[in-house]
């Protein structure tokens with residue numbers, strides 16, 4: 001279905017708004033993907049906070065102009081599916097990687113985060129989720145406290161053991 005000028009401007013404005021707030025972008029070739037696969041991918045995208053859209057590359061190129069994803073403009077070639085991570089940086093990468101396992105024709109062509117193009121989808125897909133990152137931070141912050149507690153316990157055990165030995169030595173008849 002062909003879009004008129006006002007519809008194209010709305011699409012560009014919507015994509016530009018999403019791109020300005022997104023954490024990462026994955027553009028993947030989707031030719032050969034079935035309707036059922038695309039529907040399942042869209043459902044999973046909604047659940048994981050990924051904005052998924054198929055638009056013409058010229059519209060996408062105009063939308064990312066002036067955002068941190070401007071670096072990908074030259075790589076937008078061929079029929080592409082655009083996935084913007086809106087909640088977690090690695091969400092789009094994990095989504096595309098997960099669905100590419102069951103569909104050989106779905107291939108990531110452009111991966112970008114932080115104003116830079118990334119060489120591989122795995123770099124983005126293996127980023128920890130927010131909950132995983134918070135758990136790792138908590139573990140790192142708790143480690144010095146637990147080390148201190150172990151050290152205090154070791155000192156207390158050494159002193160306690162010494163006092164018992166002295167008491168036993170005094171109690172023995174000479």
Nearest 10, in degrees from 0 to 90: the angle of helix 5-21 to the longest Cα principal axis of the chain is 10
Between the alpha carbon centres of region 1-78 and region 85-150 the gap in Å comes to 21
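What order, most packed first, do the peptides 45-54, 133-142 have when packing is the mean number of other Cβ atoms within 10 Å of each residue? Please report the intermediate quantities before stating the final value.
On the way: 45-54: 17.6, 133-142: 10.6.
Ranking, from highest mean packing down: 45-54, 133-142.
Which order do the peptides 110-116, 2-8, 33-39 take when ranked by the mean count of other beta-carbon atoms within 10 Å per residue, highest first?
The densest-packed peptide leads the list: 110-116, 33-39, 2-8.
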Under the 7 Å Cα-to-Cβ spin-label approximation, residue 140 and residue 6 lie apart by a distance in nanometres of 5.2
For region 5-127, Rg(Cα) over 2.2 N^0.38 Å is 0.96
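By counting other Cβ atoms within 10 Å of each Cβ, how are 148, 84 ranked from fewest to most?
Fewest to most other Cβ atoms nearby, the residues stand as 148, 84.
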For region 60-137, the Kirkwood Rh over every pair of distinct alpha carbons, in Å, works out to 13.5
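Every number here is computed from the coordinates shown, using simple stated rules; none is lab data. What you are looking at is a predicted structure, and each value in this text was computed from that prediction instead of being measured. Virtual Cβ from ideal backbone geometry, glycine too; neighbours counted across all protein chains shown.
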